[in-house]
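Below is one structure, written out as structure tokens; comments come after it.
The values are calculated or read from the model by the stated rules, or taken from the named source; none is laboratory data. Quantities reported herein were computed from a predicted structural model and do not represent experimental measurements. Reconstructed Cβ throughout: ideal geometry from the backbone, glycine too, with neighbour counts over all protein chains shown.
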């Protein structure tokens, strides 16, 4: 009768599963690194290349049939060149194009538009030249500076 005691729910659901940061060398790491790692690996990135649907079901306008929504993210390819600059969540998309209605579809890669731009870091008091996308520049302007962009956006 564990549910009759006051600590019953804690006994059932209160056991914390050990992670890589609870023992060994991981326990000695600073909290800032642990927070960064959790942001980088455990959070899901924002949808950049599609609009996610929030409802669980959708109705077809013509037939009126209700179907469940399958919100599957687009598979993205992160090339090694993405580490040389800041792409702002964008990546290479692999897919197919139907160029002519009566011919076969053709494989196609959609690549974001990359530009070399100069950003200013007020913390370092330096100008930094790097490869960015248009979305990254828009986000830097929305955050009112490169340093605030780095602090406000998640690592994933």
Neighbours by Cβ (under 6 Å, 6+ apart or cross-chain): first from region 136-148, in a helix (DSSP H, G or I); second loosely packed, with under 13 Cβ neighbours inside 10 Å: 147/122; 147/123
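Condition check ((1) within 30 Å of residue 147 (Cβ to Cβ); (2) within 17 Å of the chain's Cα centre (by Cα)) across all residues:
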position: 19; (1), (2): no, no
position: 25; (1), (2): no, no
position: 34; (1), (2): yes, no
position: 46; (1), (2): yes, yes
position: 53; (1), (2): no, yes
position: 58; (1), (2): no, no
position: 63; (1), (2): no, no
position: 84; (1), (2): yes, no
Subset of region 143-156 (residues that are under 27 Å from residue 42 (Cβ atoms) and surrounded by 11 or more Cβ atoms within 10 Å (Cβ to Cβ)): 143, 146, 147, 148, 149, 150, 152, 153, 154, 155, 156
Wholly enclosed strands (runs of 3 or more DSSP E) of region 1-118 bearing at least 3 residues touching a strand residue (DSSP E or B) at 6+ places or on another chain (Cβ under 6 Å), at pLDDT 90 or above and surrounded by 12 or more Cβ atoms within 10 Å (Cβ to Cβ): 92-97
Hits in region 122-142 - residues which are exposed (fewer than 15 other Cβ atoms within 10 Å of the Cβ) and out of contact with any strand residue (DSSP E or B) (no Cβ under 6 Å at 6 or more places or on another chain): 122, 123, 124, 125, 126, 130, 134, 138, 141, 142
